[in-house]
Amino acid sequence: MTTLVFGHKSPDTDSTGSPIIWAWYLNEIRGVSAEAVLLGEPNTEAAFMLTRWDVPKPRIIADVEASQPCVIVDTNNPAELPASINAADVRQIVDHHKLVGGLETKGPIDITIRPVACTATILYDLIGDDTAKMPEHIRALALSCILSDTLEFRSPTTTAHDRAVAEDLAHELGVSIPDYAAELFAAKSDVSAFTDAELLRMDSKEYAVGGKKFRVSVLETTAPEIPLDRKTSLMETMVSVAEEDGVDQVLLFVVDILNEEATLLVPNELVKTLAEKSFAATVTGDTVVLPGVMSRKKQIIPNLTL
């Protein structure tokens, strides 16, 4: 039975590229029948990456069958996985996020969780000497994932190892990191075709803080004025998205990649209180700028308090 390889819902570049990388490795190196799949439409940057390197978009699945063999990459959080994941046969997890808990497996499995910025960095290490056999498009996907997750090494999650792997891949591909990262970020910043609800869900994760459930959304962009020009309608849409998704509030952080800061939309007193307590900020209007805040994983989620 073919093993399905997938990342989290609302697939970003790492959750789109890493399943393809690992499925290639399982098929071509390990001789295991594997297929990369997605749990939703890839975001604009991930879609650009696939087009740029002429890689077919994996098929999208809504759920998994009971006993379906699968490998999970770039998450270990059941809330970000198919509803029936605990009925599936999860055989491996490769991730770079904190261990959440809640997954149940049919037996002992292979788990690799390492404190680096990108799942593709871990996959590169696990592939080992066989990285020499990587075709161009697989190398390119790995480079894209690392540049995306590290925001071209600006993110505080970046490690020296992430950078070294990316630089090796770029050298092998004959690619300029600054030029290619600019292409990726331009694609990430093009959100004009998306509705407000789609923007709020595009790169988001659910977290509970102080008895409240939040959808924490991040928009990483080199053109923050584009989403911020829509702040009034975005804040109005937060109400319906929160209701539909069963959370108390949507938090939207617009991350300015070039200026290395985040702007948090502040639609009400709840978010104002959260911003002031979490980031020692003074909120005077419907937005607040948070200098140096770039990473949801390392700087936003760990600081959230009420």
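Taking the conditions (1) closer than 16 Å to Gln92 by Cα; (2) in contact (Cβ under 8 Å) with a residue 12 or more places away in the chain in turn, Ala46 satisfies each one other than (1). Selection over the range 71-110 of residues that are in contact (Cβ under 8 Å) with a residue 24 or more places away in the chain, surrounded by fewer than 19 Cβ atoms within 10 Å (Cβ to Cβ) and under 22 Å from Asn27 (Cβ atoms) gives a count of 1.
Restricting the search to the range 150-182, which residues are among the acidic types (Asp, Glu), in contact (Cβ under 8 Å) with a residue 12 or more places away in the chain and under 13 Å from Tyr124 (Cβ atoms)? Steps first, please.
Step one: filter the range 150-182 for residues among the acidic types (Asp, Glu), giving 152, 162, 167-168, 172, 179.
This time we only want the ones that are in contact (Cβ under 8 Å) with a residue 12 or more places away in the chain, so: 152, 162, 172.
Within the range 150-182, Asp162, Glu172 qualify.
For the range 251-285, the set of residues classified as assigned to a loop (DSSP other than H, G, I, E, B), free of Cβ contacts under 8 Å to residues at least 40 places away in the same chain and surrounded by fewer than 17 Cβ atoms within 10 Å (Cβ to Cβ) consists of Leu258, Asn259, Asn268, Ala280, Thr282, Thr284, Gly285, listed by residue number. Does Leu4 satisfy being part of a strand (DSSP E or B), touching a strand residue (DSSP E or B) at 6+ places or on another chain (Cβ under 7 Å) and modelled with pLDDT of 95 or more? In short, yes. Looking at Leu219, is it more than 30 Å from Val165 (Cα to Cα), under 16 Å from the mean Cα position of the chain (by Cα) and crowded, with 20+ Cβ neighbours inside 10 Å? When the stated conditions are applied, Leu219 does not pass them. From the list Arg139, Arg201, Arg163, which one is assigned to a helix (DSSP H, G or I), of a type in the set (Lys, Arg) and under 18 Å from Pro19 (Cα atoms)? Residue meeting the stated conditions: Arg139. Contact map, the range 112-134: residues that are closer than 19 Å to Thr158 by Cβ paired with residues that are among the basic types (Lys, Arg), Cβ distance under 7 Å, separation 6+ or inter-chain. Pairs shown: Ile122/Arg114. Each residue in the range 277-295 was checked for being under 26 Å from the mean Cα position of the chain (by Cα) and acidic (Asp, Glu), and 0 of them qualify.
Let's see how each residue does on (1) more than 22 Å from Met294 (Cβ to Cβ); (2) in the same structural domain as Val55 (by TED's automatic domain parsing); (3) of a type in the set (S, T, N, Q):
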residue	(1), (2), (3)
Ile109	yes, yes, no
Ala120	no, yes, no
Asp130	yes, yes, no
His137	yes, yes, no
Leu147	no, yes, no
Thr150	no, yes, yes
Ser155	no, yes, yes
Thr159	no, yes, yes
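Checking every residue in the range 222-234 against the condition of being of a type in the set (A, V, I, L, M, F, W, C), at pLDDT 95 or above, touching a helix residue (DSSP H, G or I) at 6+ places or on another chain (Cβ under 8 Å) and over 30 Å from Pro178 (Cα atoms) gives at least one match. The combined condition, being in contact with a strand residue (DSSP E or B) (Cβ under 6 Å, 6 or more places away or on another chain), more than 18 Å from Tyr180 (Cα to Cα) and among the hydrophobic types (A, V, I, L, M, F, W, C), is not fulfilled by Ile127.
The values are calculated or read from the model by the stated rules, or taken from the named source; none is laboratory data. Small disclaimer: the values here were computed from a predicted structure and weren't measured. No Cβ is skipped: glycine too gets one built from the backbone with ideal geometry, and neighbour counts run over all protein chains shown.
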